[in-house]
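Notes to accompany the following structure.
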Amino acid sequence: MPGSFRQVIDATTVATLRARGSFKWTAPGPDGFGAAVAEMDFGAAPAILDALASLSDTANFGYLPRYLADELAAACAEFQKRRFGWDVDPAQVHHVPDVIKALEIAITRFSRPGSPVILPTPAYMPFLTVPGFLGREIIQVRMLDRDGSFRFDLEAIEDAFRAGGHLLIFCNPYNPLGRVFTREEMTRLAEVVGRHGGRVFADEIHAPLVYPGLRHVPYASTSDAAAGHALTATSASKAWNLPGLKCAEVILTNEPDRQAWEEMGFFASHGASNPGVVANIAAFRHGEAWLDEVLAYLDDSRHLLADLLGRHLPQLRYRPPEGTYLAWLDCRGLGLGLGDSAADFFTAKARVLLTDGAACGEAGRGHVRLNFATPRPILAEIVSRMAEAVRAT
């Protein structure tokens with residue numbers, strides 16, 4: 001099949017990626033390797049390419065028509081049911097340009113005016129900047145590292161609510177730590193939120209990217225209480241690599257929120273693009289076979305990365321993630337006097353661009369985030385460059 005996942009992988013080289021011109025591969029410079037930006041290097045699902053070609057054939061590049069918005073809502077609801085067993089009424093699904101816009105709306109319209117935002121850390125980088133732009137303080141709550149797994153510090157979260165926090169940002173699967181939370185963990189979290197009349201912004205954009213043996217459970221599906229205080233944001237953009245097409249979905253699971261959304265009117269959803277909407281519809285309805293191929297490849301790659309690091313950089317601590325294609329590397333054992341930024345070291349000495357852990361909050365200092373959604377020969381070269389830079393120091 002033209003444009004199939006396997007053919008794209010076989011043909012992908014660093015030169016091809018640089019020639020494509022994405023930010024991920026142009027940001028490191030002409031001789032650098034991109035492993036920071038959360039994009040995959042696997043092309044696009046044929047169903048998505050076909051949908052975009054059809055849109056181009058009709059030159060349907062105007063404002064989003066109602067019928068496409070309705071079709072997106074139905075496709076998203078169908079996918080939630082089929083993939084995760086979550087019954088969602090399409091009337092609960094609303095389009096937005098991206099998850100960051102959804103977070104902005106959650107903060108400004110669905111949290112107590114002026115209240116701090118509660119943020120488990122390390123966190124996805126924009127979650128540390130968006131609240132400040134909106135005039136909100138952030139209460140950072142460090143994740144606990146217990147028994148070989150990262151867990152919520154529920155006592156500290158409770159303290160954050162007591163300190164005036166109202167909206168908790170909950171990322172599941174967790175960027176950058178790769179956790180996929182269990183129903184039991186989410187039930188305990190919902191109990192804390194409920195005791196304080198709080199709200200939860202559930203970022204589930206990585207939900208389709210969960211590895212064998214685990215299953216994504218939507219937070220709002222865990223109980224009536226969770227549904228009553230959650231706003232869920234999702235999209236096909238991470239699992240099918242569509243972030244530049246600008247389309248995401250907000251799922252509202254209680255009537256007051258749905259009424260509040262309707263009162264916001266046109267500008268709540270304005271900005272989702274026709275190409276993004278048709279690409280999301282195609283992904284949700286016709287892209288799962290491609291997604292399953294990608295997941296199988298990523299599953300092998302997350303373990304390959306463990307092997308490569310174990311052989312070439314044993315000083316780094318790494319746990320293969322349960323979900324996402326993002327690796328969280330503890331660089332504090334390198335002993336290179338790197339200070340807070342191992343990312344700067346690897347950029348300068350290895351020409352490998354990684355995400356600085358400090359950009360993910362205080363809990364991330366001394367760490368880096370590495371994107372392994374790339375062909376395995378490129379992943380091996382990235383680790384080789386990093387190891388050579390350490391040996392040369």
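The values are calculated or read from the model by the stated rules, or taken from the named source; none is laboratory data. Because the structure is a prediction, the values reported are computed rather than measured. All Cβ positions, even for glycine, are placed from backbone atoms using ideal geometry, and neighbour counts span all protein chains on display. The area values use the complete protein model at the heavy-atom level, side chains included, leaving out ligands, DNA and RNA. Shrake-Rupley method; radii C 1.70, N 1.55, O 1.52, S 1.80 Å.
Structure notes:
- Sorting R385, R332 by accessible area puts them as R332, R385; the probe is 1.4 Å, largest comes first, and only protein heavy atoms count.
- Compactness of region 162-205 was expressed as the Cα radius of gyration divided by 2.2 N^0.38 Å, which yields 1.19.
- Measuring nothing but how far apart in sequence close Cα pairs (under 8 Å, 6+ apart) lie, relative to its length, the chain scores a relative contact order of 22 percent.
- Selected from G197, G361, G276 as most flexible by GNM, with the chain as the system and alpha-carbon contacts under 10 Å: G197
- According to the Cα-based calculation, Rg over Rh for region 278-393 is 1.04, with Rh computed by the Kirkwood formula.
- log10 of Debye I(q)/I(0), alpha-carbon scatterers only, for the chain at 0.08, 0.14 Å⁻¹: -0.41, -1.29
- Distances between placed amide hydrogens fall under 5 Å for V96 paired with A248, E249, V250, all partners being 5 or more residues away or on another chain.
- Kirkwood-Stokes translational diffusion coefficient of region 230-313, alpha-carbon pairs, 20 °C, 1.002 mPa s, µm²/s: 138 µm²/s
- Computed over region 330-385, the percent of Cα pairs more than 14 Å apart is 54.
- Of the residues V200, V37, V117, the one that moves most in a GNM of the chain with alpha-carbon contacts below 10 Å is V37.
- Think of region 37-106 as having a plus end and a minus end, set by charges on the Cβ of Lys, Arg, Asp and Glu; of V99, V37, Q80, Q80 sits farthest toward the positive end of this dipole.
- Basic side chains Lys and Arg get +1 at the Cβ, acidic Asp and Glu get -1 at the Cβ, and with that the dipole of region 1-119 about its Cα centre reaches some 300 debye.
- Charge context of V117, other residues only, Cβ under 11 angstrom, K/R +1, D/E -1: +2
- Equivalent ellipsoid semi-axes, region 41-172, via Cα gyration tensor eigenvalues times 5, rooted, Å: 35, 19, 16
- Other residues lying with their Cβ under 12 Å from the Cβ of A160 contribute a combined charge of -3, Lys and Arg counting +1, Asp and Glu -1.
- Amide H within-cut-off set for H216, under 5 Å, with H built and near neighbours excluded: none
- Rounded to 0.05, the FRET efficiency of the H270 and A11 pair, given R0 = 41 Å and the Cβ-Cβ distance, is 0.60.
- Positive dipole terminus of the chain, leading residue within H166, A27, A248 (C-beta point charges): A27
- Annotation: aspartates and glutamates with alpha-carbon distance below 13 angstrom to K24 (same-chain offsets under eight excluded): E39, D41.
- M264 sits among other residues whose Cβ lies under 13 Å from its own Cβ, and their net charge, with Lys and Arg +1 and Asp and Glu -1, is -1.
- Over the residues of the chain, the helix contribution to mean residue ellipticity at 222 nm works out to -13000 deg cm²/dmol, using -39500 (n - 2.57) for each DSSP H run of at least 4.
- Peptides 169-180, 63-74, ordered by how many other C-beta atoms sit within 10 Å of their residues on average, highest first, read 169-180, 63-74.
- Solvent-accessible area per residue, Å², over the chain with all protein chains present [probe radius 1.4 Å]: 40 Å²
- Here the Karplus curve 6.51 cos²θ - 1.76 cosθ + 1.60, taken at θ = phi - 60°, turns the phi angles of region 51-66 into couplings of 5, 6, 5, 5, 4, 5, 4, 9, 6, 8, 10, x, 5, 5, x, 4 Hz, with x standing for Gly and Pro.
- Carbon plus sulfur fraction of accessible area for the chain, probe 1.4 Å, in percent: 52 percent
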